[in-house]
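Participant: So that we are looking at the same thing, I have put the structure below in structure tokens.
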Amino acid sequence: MYRALLLSFALLLHGAAFAQTAKPARPAITGLSHMTFYADDLAKSQQFYVGVLGWEQVPAGAAAPGVRFYANHEQYIELQPAPVTHQPIRFSAIGFSTPDADALRRYLGASGVAVPTAVTVDPYGNRSFQVQDPEGNKVEFTQQGPHPPQGLKAASTRVSGHIIHGGFVAHDRARLDRFYKDVLGFHLYWEGGSGPGHTDWVMMQVPDGTDWMEYMLYLGATPTREALGSAYHFAPGVVTVADLQQKLKANGWTPAPDQPAPLLGVDAKWQFDLHDPDGTRVEFMEFAPVKEPCCSKYTGPQPTPSAAW
């Protein structure tokens, strides 16, 4: 009897110790929150994002460092002045949405990721923190606050209301997968390349939504600024490229003589590329594929127009 009591007590102690050291559960990661880029001329950028794309600027007025252009109430492109004029890489950070930023911060800390000691809170009540992925990219996680920016509305000039993915240059897929897949729970959505047996693009979908991020694996050792501007990109979703072009023209957009035509990608989705004044590619992409894709099958749900409005 005494030995049985000792054994029970030992098991209780072991259970208590396990409860204290068990890794916390990962909160949901529901989609792309934002991307931050560098801009040389914020006034020119303002004309593009407000005038051409029809997105709403926060704060309103003259564009200032940290200005945001909202595609919907939760997704935006943020612009910062470039540290060096005409610097080749215009990408600064990518952000994802979560319902519990502090719990996700603790989870990442318990997973061996260097995290800040606390989340930060912005004027709208958004709670966020920032880490670095294995290749040094800044990755932010944001919990939507109770006070969204005032004045946002379903503007008729908006050419897209959902940013469905963002892409950045990648070098070591295995290292990135250990962070995005093994720790954060992203899963392979689609992968393909420009030729047989060649993987140039790897789409990793968020674990609890339809948005994705894209590893751009095809750049050489000394890419040009134009190549970098194409690789570091974001993709507003559209129902049809034809409808998009009509909306762009209604906003006063006139195609340049060298404007590329719409392209049916090997992922079987129609896309149409524009570039902002600093060369960052805006890859408008239809939500749904029109046939079976090349190279691999889709493994997750397709995105749809945002219901946030």
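Participant: Could you grab me the full set of residues in the range 259-309 that are closer than 19 Å to residue 230 by Cα, among the charged types (D, E, K, R) and either outside any loop (DSSP other than H, G, I, E, B) or without any contact (Cβ under 8 Å) to a residue 40 or more places away in the chain (or both)?
Facilitator: Those that are closer than 19 Å to residue 230 by Cα, among the charged types (D, E, K, R) and either outside any loop (DSSP other than H, G, I, E, B) or without any contact (Cβ under 8 Å) to a residue 40 or more places away in the chain (or both): 269, 273, 281, 283, 286.
Residue-by-condition table, conditions (1) in contact (Cβ under 8 Å) with a residue 60 or more places away in the chain; (2) assigned to a loop (DSSP other than H, G, I, E, B); (3) not charged (D, E, K, R):
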{"site": "77", "(1), (2), (3)": "yes, no, yes"}
{"site": "83", "(1), (2), (3)": "no, yes, yes"}
{"site": "93", "(1), (2), (3)": "no, no, yes"}
{"site": "99", "(1), (2), (3)": "yes, yes, yes"}
{"site": "102", "(1), (2), (3)": "no, no, no"}
{"site": "109", "(1), (2), (3)": "no, no, yes"}
{"site": "118", "(1), (2), (3)": "no, yes, yes"}
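Participant: So how many residues does the range 228-258 have that are in a loop (DSSP other than H, G, I, E, B) and either in the same structural domain as residue 36 (by TED's automatic domain parsing) or surrounded by 13 or more Cβ atoms within 10 Å (Cβ to Cβ) (or both)?
Facilitator: Of the residues in that region, 5 qualify.
Participant: Got a sec? Which of 167, 136 is farther than 14 Å from residue 204 by Cα and either touching a residue at least 12 places away in the same chain (Cβ under 8 Å) or surrounded by fewer than 16 Cβ atoms within 10 Å (Cβ to Cβ) (or both)?
Facilitator: 136
Participant: OK, next. Step by step: first the residues of the range 166-214, then only those that are in a strand (DSSP E or B) and of a type in the set (Gly, Ala, Ser), then the one that is farthest from residue 108 (Cα to Cα). Which residue is that?
Facilitator: Only one residue fits best here, namely 192.
Participant: If you don't mind, another one. Do the conditions hold for residue 218, that is, is it at pLDDT below 95 and either in contact with an Asp or Glu (Cβ under 6 Å, 6 or more places away or on another chain) or closer than 18 Å to residue 273 by Cβ (or both)?
Facilitator: Taking the combined requirement at face value, the residue satisfies it.
Participant: Out of the residues in the range 287-309 that are of a type in the set (A, V, I, L, M) and at pLDDT below 95, state the one that is surrounded by the most Cβ atoms within 10 Å (Cβ to Cβ).
Facilitator: Looking at the filtered set, the residue picked out is 308.
Participant: What is the residue count in the range 27-75 for residues that are free of Cβ contacts under 8 Å to residues at least 40 places away in the same chain, assigned to a strand (DSSP E or B) and more than 17 Å from residue 282 (Cα to Cα)?
Facilitator: Residues that pass the stated criteria total 2.
The values are calculated or read from the model by the stated rules, or taken from the named source; none is laboratory data. These numbers were taken from a predicted model, which means no experiment stands behind them. When we count neighbours, we look across all protein chains shown, and the Cβ atoms used for this are built from the backbone with ideal geometry, even at glycine.
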